[in-house]
Amino acid sequence: MLVKRMEDAINDQMNFEIYSAHIYLSMASYFEENGLPGFANWMKAQYQEEIFHAMKMFDYVNETGGRATISAIDAPATEWESPLAAFQTALEHEQLVTSRINKLMDIAREESDHATSIFLQWFISEQVEEEATVGDIVGKLKLVGDGGALFMLDRDLSTRAFTPPQGE
Ligand code: FEO
């Protein structure tokens, strides 16, 4: 049984994951508009991944005696100065998500909620991967600039497909 403080904190993060999804969907549209369908594809997969994160929290709250509660989601930005600026925003956003997940873990520990600590462990590991993946693309974008190599990177990113992790 979740204590109220834990339930509220997970619900807050669940809604933040939906907000994250909307940011990436908005970035997908920005990339499509700017002739980079591979980048758009990558962002659409990222959108699906964030919805998957939100649904993991939704199911956990409802399965542990709480009530998943959907709240108003802020509108995301719609324009970025460049592909690099968009991915830098994504990296900063993922760093913020990591700090929020760490705070959730702090609450679970303070409440001696061992089940939630185990549940959150998956997200702690996931954030290491999220930051590394986005950071890698930021690094590549810094190298390629606005030239023809951008289109090669676009082709690389066109191959990403979201596959829900097995057994999760
Ligand atoms: Fe759900 Fe990208 O953190």
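The values are calculated or read from the model by the stated rules, or taken from the named source; none is laboratory data. Just so you know, these numbers come straight off a predicted model, no measurement behind them. Every residue, glycine as well, gets a Cβ built from its backbone with ideal geometry; the counts of neighbours run over all protein chains shown. Heads up: the accessible areas ignore ligands, DNA and RNA and are worked out on the full protein's heavy atoms, side chains in. Shrake-Rupley method; radii C 1.70, N 1.55, O 1.52, S 1.80 Å.
Estimate the FRET efficiency between Q166 and N62 by the formula 1/(1 + (r/R0)^6), using the beta-carbon distance for r and 22 Å for R0, to the nearest 0.05. Each step should come with its number before you reach the end.
Numbers: r = 22 Å, r/R0 = 1.00.
Working from the Cβ atoms, E equals 0.50.
Would you kindly state how much longer the chain becomes between S71 and M1 on full extension, computed as 0.36 nm times their sequence separation minus their alpha carbon distance, in nm to one decimal?
Numbers: separation 70, 0.36 × 70 = 25.20 nm, distance 2.21 nm.
Here the segment from S71 to M1 would lengthen by 23.0 nm.
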Taking 8 Å as the Cα distance limit and 6 or more residues as the minimum spacing, I'd like the relative contact order of the range 1-68 as a percentage.
45
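For the chain, which whole-number percentage of the solvent-accessible area (1.4 Å probe, protein heavy atoms only) is attributable to carbon and sulfur atoms? Write out the running numbers ahead of the final one.
On the way: 4690 of 8820 Å².
Carbon and sulfur: 53 percent of the exposed surface of the chain.
How high is the relative contact order of the range 60-129, in percent, counting Cα pairs under 8 Å that sit 6 or more residues apart?
On the way: 20 pairs, mean separation 15.7, N = 70.
It rounds to 22 percent for the range 60-129.
Going by average Cβ neighbours within 10 Å, how do the peptides 105-111, 159-165, 38-44 rank, with the highest at the top? Present the calculation step by step, with values, prior to reporting the outcome.
On the way: 105-111: 15.3, 159-165: 11.6, 38-44: 22.9.
The densest-packed peptide leads the list: 38-44, 105-111, 159-165.
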In whole Hz, what ³J(HN,Hα) sequence does the range 36-41 give by Karplus (6.51, -1.76, 1.60; θ = phi - 60°), x for Gly and Pro?
10, x, x, 4, 4, 4
Please compute the contact order of the chain in relative form: average sequence separation of alpha-carbon pairs under 8 Å and at least six residues apart, divided by the residue count, as a percent.
32
Give the distance, in whole Å, between the Cα centre of the range 21-44 and the Cα centre of the range 112-153.
16
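Run lengths n ≥ 4 of DSSP H only: what is the helix-derived mean residue ellipticity at 222 nm for the chain, with -39500 (n - 2.57) per run over all residues, to the nearest 500? Could the numbers behind the result be given before it?
Details: 5 runs with 125 residues, N = 168.
The helix-only estimate for the chain comes to -26500 deg cm²/dmol at 222 nm.
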Under 28 Å from K142, Cα to Cα: lysines that are on another chain or at least 8 residues apart
K44
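Roll a 1.4 Å probe over the protein chains and send me the accessible area per residue for the chain in Å².
Values: 8820 Å² over 168 residues.
On a per-residue basis, 52 Å².
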Spelling out what I want: for every residue of the range 75-91, take phi, set θ = phi - 60°, compute 6.51 cos²θ - 1.76 cosθ + 1.60 (Karplus), and round to whole Hz; glycine and proline get x.
6, x, 5, 10, 10, 9, 5, 6, x, 4, 4, 5, 6, 5, 4, 4, 5
Taking the Cα atoms of the chain, what is the range of coordinates along each of the three principal axes, in descending order and whole Å?
55, 27, 27
Amide H neighbours of G66 at under 5 Å, excluding residues fewer than 5 places away on the same chain, with H built from the backbone geometry, are L2
In order over the range 92-102: 3J(HN,Hα) from phi, Karplus 6.51/-1.76/1.60, θ = phi - 60°, whole Hz, x for each Gly or Pro, gives 4, 5, 5, 5, 5, 4, 4, 5, 5, 5, 4
